[in-house]
1. Would you mind calculating the gained length between ALA121 and SER155 on full extension (0.36 nm times residue separation, minus the Cα-Cα distance), in nm to one decimal?
2. Just to confirm a number: summing +1 for Lys and Arg and -1 for Asp and Glu over residues other than GLU194 whose beta-carbon lies under 14 angstrom from that of GLU194, what do you get?
3. Let me know the shape class of the chain, please: from the alpha-carbon gyration tensor, a ≥ b ≥ c as square roots of the eigenvalues, rounded when a/c is under 1.5, otherwise prolate if a/b is greater than b/c, or oblate.
4. Counting Lys and Arg as +1 and Asp and Glu as -1, each charge on the Cβ, what is the dipole of the chain about the Cα centre in debye, to the nearest 20?
5. Out of PRO27, LEU38, GLN190, whose Cα points farthest toward the positive end of the dipole of the chain (charges: +1 Lys, Arg; -1 Asp, Glu; placed on Cβ)?
6. If you rank ILE97, ILE232 by fewest surrounding Cβ atoms within 10 Å, what's the result?
7. If you fit an axis through the alpha-carbon atoms of helix 156-168 and take the longest principal axis of the Cα set of the chain, what angle between them do you get, 0 to 90°, nearest 10?
8. May I ask you to sort LEU138, LEU84 by Cβ crowding, counting other Cβ atoms within 10 Å and putting the fewest first?
Amino acid sequence: MSYASEGGAGAVIVRAEGCSRVYGDGPGSVTAVADADLTIRAGELVALVGPSGSGKSTLLSMLGALLTPTAGQVWIGEVDVTSLDERRRTQLRARRIGFVFQTAGLVPFLTAEENVATVGAFAGLPRRVARDRSRELLDELGLGERAGHLPDALSGGERQRVAVARALLVDPPVLLADEPTAHLDSDRGQQVVELVSAAVHDGARAGLIVTHDLNVAAQADRILRIADGRLIVPTI
Ligand SMILES: Nc1ncnc2c1ncn2[C@@H]1O[C@H](COP(=O)(O)OP(=O)(O)O)[C@@H](O)[C@H]1O
Ligand SMILES: [Mg+2]
């Protein structure tokens, strides 16, 4: 059984309770996220929208165990991420969370296939398994013919699709994407959103996509809005 289907369809995979993040201290401190509560279920894609500086990336980073909340807790499955030491948090990220950011951040001297396969090492995936899976994923994402290319020889949209493949290498139960279409035209952006959406729905992952684009948000199962660090609770 893959991680992604752990707990059965619709199980809560990501949970935040009273999650806050304050940067700095004293009068100059900034409350980037205040008291956020949310859950994301397996197979559910949630869009997080809000103005620039409203706390979207900070919230995503806390959900992805990249950033420790200054108050509150985050669970991935049964694991209280906020209680883990640094080593275990790193391990949890490598094995259970796929990340896609605004720019692909590919290693310029590795081919697409190598870029994807390389992250397997952090999750303890044997090299050959990582390589085979990398090839498979690139095929699935329509990049089979690009697998041997260096990032420089790929378009921006192709690089972002490689980044999606990389995020999926270890078949993680959680996929977090922070404005993955911000630097793409709408057609290329749409391709990336479709890949993210398929990865979440077909892979029964818990997905969060941060976006400014309402067309992108409309493709999620649910939209969360954030303003000034506070999630806006729908009144209906
Ligand atoms: N490392 C940091 N140190 C201090 N302030 C930060 C840091 N990261 C973000 N902030 C502040 O926190 C607020 C939320 O930022 P961010 O989460 O990046 O918002 P968004 O992703 O919605 O644009 C902003 O006021 C930003 O300036
Ligand atoms: Mg941001």
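Bear in mind these aren't lab numbers, they're just calculated from the coordinates by the rules spelled out. This one's a predicted model, so the numbers in the text were calculated from it and none came from an experiment. Here the Cβ is made from the backbone with ideal geometry for all residues, glycine too, and neighbour counts use every protein chain on show.
1. 9.6 nm
2. Details: positive: ARG161, ARG188; negative: GLU140, ASP187, ASP202, ASP213.
After counting each charged neighbour, the total is -2.
3. Values: a/c = 1.64, a/b = 1.42, b/c = 1.15.
Because a/c hits 1.5 or more and a/b exceeds b/c, the chain counts as prolate.
4. The dipole of the chain has a size of about 440 debye.
5. After comparing all options, I get PRO27.
6. On the way: ILE97 23, ILE232 13.
Neighbour counts put them in this order, fewest first: ILE232, ILE97.
7. For helix 156-168, the angle is close to 80 degrees.
8. The order, fewest Cβ neighbours first, is LEU84, LEU138.
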